[in-house]
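Worksheet: the structure to be examined is printed underneath.
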Amino acid sequence: MKKMKHLIYIPFVFLLACIGTLPSHAEESPLIEQADSVYNADNFQQAADMYLNVIQTEGPSAKLYYNLGNTYYRLGQMGNAIISYERALRLDPSDKDARNNLAFVNARITDRPGERGTFLGNALDAISSYMHSNAWAWIAFVCFVLTLSGLLAYLFSQNIAIRKTGFFGGIITILGCCVCLFFSYRSATIAIADNVAVITVPSTILSTTPRVPQDRSQEAMLLHEGTRVTILDSVRSTTDSINALWYDVQVDNAHRAWINAAAVRKI
């Protein structure tokens with residue numbers, strides 16, 4: 001596992017209209033320094049509680065979720081560690097340490113679901129998640145400026161070579177602008193998605209109906225901590241006077257079933 005580190009929070013920016021300036025380097029919060037000290041003293045449960053408190057009082061950041069993920073891993077809570085790393089990457093997709101630690105933990109969970117989604121969709125998601133949505137938007141903005149420059153060169157230059165360069169260069173940059181805007185939108189959509197969850201209990205039996213299986217015929221499959229699922233629907237079910245929320249989830253392209261909401265946490 002990677003050692004503890006300090007990251008800068010990049011605010012979420014949506015498309016070109018919402019582009020903002022990069023934040024300045026701020027001094028480390030005393031509460032974070034205290035949590036780091038507790039972590040380094042191997043008091044992992046206390047450290048987790050302190051990181052969660054900082055997130056609630058001072059707001060989330062990629063650095064906090066990264067450190068929280070490390071803490072949960074030390075506690076043996078693989079599901080919560082995966083959720084924390086995923087949240088860190090939603091705030092800062094360029095965080096290689098969080099990405100490496102996420103892959104490290106994912107390689108150690110029990111379940112190995114089959115193929116998810118389509119090849120094209122997965123490829124587009126991978127490219128979109130490579131950078132934050134505001135980074136894609138800045139590139140789109142640069143392409144737009146270059147397009148305007150090319151247009152001006154084409155309209156007002158007397159040099160044929162410059163006019164040709166402006167014309168064809170403008171076509172390329174306007175296409176690049178559109179592509180980057182698409183990836184910016186897709187990256188933002190991934191970052192705010194609330195239909196992805198991770199199993200946080202040691203194991204759970206999924207059901208063919210939104211209730212606790214009454215016999216083996218109603219048992220769909222057994223899944224373990226750390227497995228990622230996509231929530232398709234939800235319903236409340238009452239069994240023996242116990243009201244519980246159930247999620248209709250897709251595990252992979254071939255498996256779909258109902259799971260008790262208490263067994264998972266949304267990313």
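The values are calculated or read from the model by the stated rules, or taken from the named source; none is laboratory data. What you are looking at is a predicted structure, and each value in this text was computed from that prediction instead of being measured. Cβ coordinates were reconstructed from backbone atoms using ideal geometry, including for glycine residues, and neighbour counts include every protein chain displayed. Heavy atoms of the whole protein, side chains included, go into the accessibility calculation; ligands, DNA and RNA do not. Shrake-Rupley method; radii C 1.70, N 1.55, O 1.52, S 1.80 Å.
Please specify each residue of segment 150-183 satisfying the condition of being at pLDDT 95 or above and hydroxyl-bearing (Ser, Thr, Tyr).
173
Please list, ordered by residue number, the helices (runs of 4 or more DSSP H) wholly in segment 74-189 having 3 or more residues that are touching a strand residue (DSSP E or B) at 6+ places or on another chain (Cβ under 7 Å).
Because the criterion is at least 3 residues that are touching a strand residue (DSSP E or B) at 6+ places or on another chain (Cβ under 7 Å), the helices (runs of 4 or more DSSP H) in segment 74-189 that meet it are 78-91.
Just to be sure I understand, how many residues within segment 95-132 are touching a residue at least 40 places away in the same chain (Cβ under 8 Å), surrounded by 13 or more Cβ atoms within 10 Å (Cβ to Cβ) and out of contact with any Lys or Arg (no Cβ under 8 Å at 6 or more places or on another chain)?
So the answer is 13.
Would you confirm, using the coordinates I've provided, whether residue 166 is closer than 30 Å to residue 138 by Cβ and more than 28 Å from the chain's Cα centre (by Cα)?
yes
Would you tally the residues in segment 204-249 being closer than 26 Å to residue 109 by Cα and free of Cβ contacts under 8 Å to residues at least 24 places away in the same chain?
Result for segment 204-249: 8.
Could you tell me whether segment 178-192 includes any residue that is over 26 Å from residue 127 (Cα atoms), open to solvent by 30 Å² or more (accessible area, probe 1.4 Å) and touching a Phe, Trp or Tyr at 6+ places or on another chain (Cβ under 8 Å)?
No, segment 178-192 contains no residue that is over 26 Å from residue 127 (Cα atoms), open to solvent by 30 Å² or more (accessible area, probe 1.4 Å) and touching a Phe, Trp or Tyr at 6+ places or on another chain (Cβ under 8 Å).
Here is a yes/no grid of residues against (1) closer than 22 Å to residue 92 by Cα; (2) at pLDDT below 90; (3) assigned to a helix (DSSP H, G or I):
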residue	(1), (2), (3)
22	yes, yes, no
35	yes, no, yes
46	no, no, yes
57	yes, no, yes
64	yes, no, yes
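Which members of segment 229-246 meet the condition of being in contact with a helix residue (DSSP H, G or I) (Cβ under 9 Å, 6 or more places away or on another chain) and among the small types (Gly, Ala, Ser)?
Matches in segment 229-246: 234, 244.
Please go through segment 234-260 and give me each residue that is closer than 30 Å to residue 119 by Cβ and open to solvent by less than 50 Å² (accessible area, probe 1.4 Å), ordered by number.
247, 248, 249, 251, 252, 257, 258, 259
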